[in-house]
Amino acid sequence: MTPPRRASVLRPTTELTAAVDAVPEAIEGEAAIGIRTSGPPPLAPTTGEPTVVWVHANLPGAVAPPASFACTVDDATRWAKDGPPAWLHRRRLDGVLVQYGADSPAAVRRAARALRERLAPTDVAGLRDMARAWGSDALLTATSRLTGQRAPTFADLARALSRSDDPEATRLARLCWALEHL
Amino acid sequence: MPCLLAASDDRTHKSVSPPGERIAILALQRLGDVLTAARITDALSRRRSTATVEVVHWDATGQAAALLPGVAARHPLPFRGLRRRARAHAIAPLRVLSGHLDAIVGGRGFDRVINLSSTRFACWLAPTLLAPGGTICGPSIDDVGRYTASHPAIEYLNDWGVDTARNTFAHQDLLSLAAGVRMAGFAGLRDGGGRRSGPIVVHPFGSERAKDWRTPDDWRQLVGRLGALFGHPCVLVGSPADAEALAHIARGTNAKVATWPLAACIALLDDATGLVSVDTVAIHLAAMLGCPNVVLRQGPARGLAFVAGPAALCVDAEADVATVDEVITLAERHFSPAPLPLAADPAWAVRLRVREAFRDDHGYLALRTPAWCNTDPMWSWAIDDRSDVAWRAAWRASFSGEVPAPAILETLLGGTGRFDAARLDALLRSPNPLGSAVRRAGGNRSAA
């Protein structure tokens with residue numbers, strides 16, 4: 001049956017990107033130097049969704065999730081060791097999810113874990129690095145107050161931010177409490 | 001058919017930075033709940049003191065937000081995106097949320113934030129949208145982490161509104177009251193009225209399985225017989241995810257399946273003879289278009305919380321769920337322009353609670369057993385209806401900061417409805433001013 005008006009499709013179209021063969025040469029701080037990439041241009045970050053990197057072993061029948069960047073074990077291992085390509089490095093601040101198929105071999109899982117630790121650190125040092133990359137002094141000060149080995153929660157961040165009189169820290173603390181209850 | 005979007009856009013073409021209040025409606029809710037904000041956005045946008053009304057909503061409810069009248073800007077927040085980013089690291093969703101809020105607030109902030117959601121997320125978020133000196137209507141959490149209701153209606157909503165037995169108000173009315181919007185005065189989204197000659201629309205699946213009515217085979221039987229009764233095939237509506245299940249129901253009935261966006265469903269419901277639905281977004285859309293609807297309500301959907309509008313006939317499963325025959329009889333009665341006689345059926349009256357929605361003298365949505373149900377005035381449903389009236393009167397006075405009349409307090413203390421004991425017990429333990437008044441009245445009664 002044809003709708004009478006504005007018959008737009010509800011479901012978003014899925015987009016499956018080709019494998020990315022980016023070969024990073026050096027990463028220095030937040031600036032990527034001399035990066036040589038041969039992969040496709042990254043997706044424009046307008047979808048509200050985080051970037052998904054899907055690690056695979058080039059086995060037949062493997063299908064990457066829609067709108068993810070496929071990445072071989074070798075690429076993932078290299079990126080974890082030497083640093084990701086510039087476009088991916090830039091996106092880690094807005095969240096990069098590293099995923100693999102449920103039936104992936106151990107090599108894929110190991111490579112994905114290593115890349116995840118590089119791109120999406122959850123420990124205090126990693127968050128401090130992210131705060132520095134964001135350029136948020138309030139958050140940088142707050143992360144310097146965090147101690148312990150476990151990954152800080154939003155509530156931990158909110159409490160650390162609340163210890164400052166900086167209005168921006170107060171605002172971010174409120175947003176952290178909101179996210180704690182999302 | 002009204003041109004809703006055009007009407008909305010017309011009001012957006014105001015001069016740059018007009019004087020007056022910049023108002024944010026925080027509608028971080030589900031589709032149907034977002035639709036019920038229409039009365040608030042419409043009323044506020046018509047006030048001389050209003051510069052702009054803007055809606056902050058989840059990206060998944062963009063279709064409902066697009067239908068709200070009088071809205072100058074709609075700001076979607078990425079619910080799924082925030083949750084998925086939180087799986088990467090804590091700073092990712094924080095940075096994205098902060099960026100969205102910066103873009104929404106701009107340099108000025110909002111003079112008034114109306115929060116329509118009681119979630120802690122929304123309560124923490126609401127104050128971040130405020131301009132210095134601005135006010136919040138609805139629930140929020142203050143700078144030292146205390147919950148603030150801001151209005152007695154919101155206190156009631158949180159303490160009583162979630163209990164189907166105790167609550168006697170529609171949530172949308174309580175939220176409108178807290179937003180300072182008159183109960184009456186919203187004509188809905190349909191221009192002019194006129195006869196309805198379209199098909200019967202059927203929405204079988206809600207957002208929760210607990211709200212479902214019977215089996216797909218029963219729906220098929222219902223759809224086939226309703227189509228034959230009213231002379232043209234029914235139209236089955238639902239989300240694209242339900243397309244296969246809807247096609248299964250439609251098989252062999254000549255019914256059509258339409259998994260359309262909400263805006264497209266407006267044209268369908270605007271001319272539809274009626275809607276048969278479980279408790280879901282379709283009833284709210286039908287209510288705004290004045291489309292008569294029979295709502296088959298189970299479990300948490302019963303009670304007064306989710307009454308969509310005066311065009312609804314609510315069929316609540318009490319001892320058992322309504323049968324196909326009963327739904328057809330009720331639909332025929334409710335959708336026919338001329339009243340049809342309805343045979344008395346004692347078995348039916350015991351098993352189901354059938355109530356029609358209406359706006360009471362104060363403009364609040366309410367439910368009552370219709371006169372044509374042939375219910376014995378001493379039957380429990382009728383007693384419960386009278387109990388609801390008394391409790392609504394008491395709370396209404398309390399919302400205005402008044403003490404209810406002694407006769408009303410006496411009625412509360414001597415109520416014999418099914419829910420009276422539980423309501424009174426909760427009220428006697430409540431620190432609410434109405435609780436104090438009832439305790440005093442109870443003490444006087446004992447002394448006498």
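Only residues that are out of contact with any Asp or Glu (no Cβ under 8 Å at 6 or more places or on another chain), at pLDDT 90 or above and closer than 16 Å to B:Leu31 by Cβ: list them for the range B:269-283, please. Selection gives B:Leu269, B:Leu275, B:Ser277, B:Val281, B:Ala282, B:Ile283.
The residues of the range B:104-118 that are part of a strand (DSSP E or B) and crowded, with 23+ Cβ neighbours inside 10 Å, listed by number, are B:Phe110, B:Val113, B:Ile114, B:Asn115.
Across the range B:281-305, the number of residues qualifying as of a type in the set (A, V, I, L, M, F, W, C), closer than 15 Å to B:Glu356 by Cβ and touching a residue at least 24 places away in the same chain (Cβ under 8 Å) comes to 7.
Can you confirm whether the range B:120-129 contains a residue that is over 25 Å from the mean Cα position of the chain (by Cα), within 14 Å of chain A (Cβ to nearest Cβ) and surrounded by fewer than 17 Cβ atoms within 10 Å (Cβ to Cβ)? Scanning the range B:120-129 turns up no residue that is over 25 Å from the mean Cα position of the chain (by Cα), within 14 Å of chain A (Cβ to nearest Cβ) and surrounded by fewer than 17 Cβ atoms within 10 Å (Cβ to Cβ). Scanning the range B:87-112 for residues that are at the interface with another protein chain (Cβ under 7 Å from one of its Cβ atoms) and of a type in the set (A, V, I, L, M, F, W, C) yields B:Ala88, B:Ala90, B:Ile91, B:Ala92, B:Leu94, B:Val96, B:Leu97. The listed residues are B:Leu101, B:Leu97, and the only one of them that is of a type outside the set (D, E, K, R) and buried (at least 20 other Cβ atoms within 10 Å of the Cβ) turns out to be B:Leu97. Would a scan of the range A:103-120 turn up a residue that is open to solvent by less than 20 Å² (accessible area, probe 1.4 Å) and either without any contact (Cβ under 8 Å) to a residue 12 or more places away in the chain or within 10 Å of chain B (Cβ to nearest Cβ) (or both)? Yes, that holds for at least one residue.
Selection of first residues in the range B:142-154 that are facing chain A (nearest Cβ under 10 Å) and of second residues that are open to solvent by 40 Å² or more (accessible area, probe 1.4 Å) and not in a strand (DSSP E or B), restricted to Cβ pairs under 8 Å at least 6 apart or on distinct chains, gives the following pairs, ordered by first then second residue: B:Asp143/A:Thr170; B:Gly145/A:Trp177. Only one entry in B:Ala60, B:Ala64, B:Ala88 is modelled with pLDDT under 95, within 26 Å of A:Pro50 (Cβ to Cβ) and part of a loop (DSSP other than H, G, I, E, B), namely B:Ala88. Kindly indicate whether B:Ala272 is within 14 Å of chain A (Cβ to nearest Cβ) and open to solvent by less than 30 Å² (accessible area, probe 1.4 Å). So B:Ala272 passes the test.
Suppose we filter the range B:61-118 for residues that are of a type in the set (Val, Ile, Thr) and out of contact with any helix residue (DSSP H, G or I) (no Cβ under 8 Å at 6 or more places or on another chain); how many remain?
The total comes to 0.
Summed over the range B:68-78, the residues that are at the interface with another protein chain (Cβ under 9 Å from one of its Cβ atoms) and either without any contact (Cβ under 8 Å) to a residue 24 or more places away in the chain or assigned to a loop (DSSP other than H, G, I, E, B) (or both) give a count of 2.
Suppose the filter is in contact with an Asp or Glu (Cβ under 7 Å, 6 or more places away or on another chain), open to solvent by 20 Å² or more (accessible area, probe 1.4 Å) and either of a type in the set (Asp, Glu) or closer than 30 Å to B:Ser207 by Cα (or both); does B:Arg84 pass it?
yes
For the range B:295-318, the criterion of being closer than 19 Å to B:Arg351 by Cβ, assigned to a loop (DSSP other than H, G, I, E, B) and β-branched (Val, Ile, Thr) is satisfied by no residue at all.
Looking across the range B:206-260, the residues that are in contact (Cβ under 8 Å) with a residue 60 or more places away in the chain, surrounded by 17 or more Cβ atoms within 10 Å (Cβ to Cβ) and under 19 Å from B:Arg196 (Cα atoms) come down to B:Leu226, B:Phe230. Out of curiosity, is B:Ser118 of a type in the set (S, T, N, Q) and either modelled with pLDDT of 95 or more or under 19 Å from A:Trp134 (Cβ atoms) (or both)? Taking the combined requirement at face value, the residue does not satisfy it. Taken over the range A:130-171, the criterion of being in contact (Cβ under 8 Å) with a residue 12 or more places away in the chain, within 18 Å of B:Val96 (Cα to Cα) and small (Gly, Ala, Ser) is satisfied by A:Ala131, A:Ala133, A:Ser136, A:Ala138, A:Ala155, A:Ala158, A:Ala169.
The values are calculated or read from the model by the stated rules, or taken from the named source; none is laboratory data. Remember, predicted model here, so these are calculated numbers, not experimental data. Glycine also receives a Cβ, built like all others from the backbone with ideal geometry; neighbour counts cover every protein chain displayed. For the accessible areas, the whole protein counts, side chains as well, though only heavy atoms, and no ligand, DNA or RNA atoms are used. Shrake-Rupley method; radii C 1.70, N 1.55, O 1.52, S 1.80 Å.
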